[in-house]
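Derivation of every value follows stated rules applied to the coordinates shown; laboratory data play no part. Just so it is clear, the structure is predicted and the values come from calculations on it, not from any experiment. Note: ideal-geometry Cβ built from the backbone for every residue, glycine included; neighbour counts use all protein chains shown.
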């Protein structure tokens, strides 16, 4: 028998396969048999881009640091229109820090002090205080009280500084009576069991001379000691602390108040030390400086607190916070950035806040016109999904403001991944590879993945608003306060922008929502871990949720 060449065999086999593929008699089981795809060659992962996360390496809790707001004028709570407008913020705001409640204001509100009678007893009228505080308490928010500006008539010659009266009282006997009467009024109205749980801060930025304190450093220490002493006479369990220290270059002193409270002679009691239940700073970023100064700002205060055992574990807060200036050194009324820049900055701040055990950050506000969420507000929505979970250690070799906050909560794994660049026009996109392992991951071979994103094209409406307003011919302001991309568009635009906003409001409402960019994707573990590839735009935040299946 003659031999058949290999080429002929191949041709006959190909014809036979074509016949089978065209035949109507193909067996049913062949049609239903699953197709097994040959896996692609996995991409080579740069080890310097891996973030190693072990679900067993818990470093702390994802505690809520974002739920208190400062409020300059508590009389606004007398208006039902104002209090009703706050309903939409209640999911993420729990408390208000009420500033300049005692008087001494440039607007002459809170003028409760009416002088002294012939016997030297003070005369007061706290009816306005009660009216405001009743309205406040009906909202369900919790108050923190700032005992800051001294009433005008207690400080001698009237000198109006930036924020009102910054002078200490002439007669501390009168000041003690006033503090006592103020606290007794609150206790009589709301009860000791309620008021003793409020925080009382003594002054605002007392190292900012003369804008907030016209006295010397030692005069402030005296003021603090005497005020604390009187507060404790009325409320023995009171929660008290010094004013939030300014951290700008113009600050006239810094950590010395901690030393005074730890080892100094108390001006009121003559004993060593003064009660300090919490400590706080102000922190404001300036985009024009192309930097994030949080770490270098808080580090010396954390170190000083840790140097005294009695203060190492007290709450350490940032009680004024925001982005003070834009890239053009313009300030405006906005204290935030309403774009993806502000969002990625806030995520970077959050990781540093946990690193330095910052207990709370008092936020001026994260909304824009008509309460629309900004990018930073949408990052807070991400925080809420992770709140009270266990933060995990994340090991990486990254430089700059690129990172992840990993959390385990209710058997789910959350990864808040962020990329922040300090210049708005940066093109610094990044790719990172979170690698999650540990017992929780090994317990399930399949995981469902959801993802939410904030970047230039997700969860931000301000770019579209600017485009529409400019197209409508509305001019931008040229004043020193013409701040770009703040959460108040009238900082930047002349009259007319609101008409454009109202005409397109439904579009902006949709753009302002936090979008889900991945829904229900199934991921399988490999070699006992999950390794994800995450692409990050120059200013972006992603929340990844992994649910065991």
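Quick rundown of the values:
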item: Members of the stretch 319-339 found to be in contact with a helix residue (DSSP H, G or I) (Cβ under 7 Å, 6 or more places away or on another chain) and not in a loop (DSSP other than H, G, I, E, B), listed by number; result: 323, 325
item: The stretch 199-221, residues that are under 22 Å from residue 277 (Cα atoms), surrounded by fewer than 18 Cβ atoms within 10 Å (Cβ to Cβ) and in contact (Cβ under 8 Å) with a residue 40 or more places away in the chain; result: 219
item: Residue match in the stretch 218-225 (condition: outside any helix (DSSP H, G or I) and more than 22 Å from residue 129 (Cβ to Cβ)); result: no
item: Hits in the stretch 280-291 (condition: under 15 Å from residue 249 (Cα atoms) and touching a helix residue (DSSP H, G or I) at 6+ places or on another chain (Cβ under 8 Å)); result: 281, 283, 285
item: Criterion (closer than 24 Å to residue 227 by Cα and either in contact with a helix residue (DSSP H, G or I) (Cβ under 9 Å, 6 or more places away or on another chain) or surrounded by fewer than 17 Cβ atoms within 10 Å (Cβ to Cβ) (or both)) met by exactly one of 45, 89, 122; result: 122
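Listed here are the residues, each with its yes/no results for (1) more than 25 Å from residue 321 (Cα to Cα); (2) in contact with a strand residue (DSSP E or B) (Cβ under 6 Å, 6 or more places away or on another chain); (3) buried (at least 17 other Cβ atoms within 10 Å of the Cβ).
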| site | (1), (2), (3) |
| --- | --- |
| 237 | yes, no, no |
| 244 | no, yes, yes |
| 262 | yes, no, yes |
| 268 | yes, no, yes |
| 272 | yes, no, no |
| 279 | no, yes, yes |
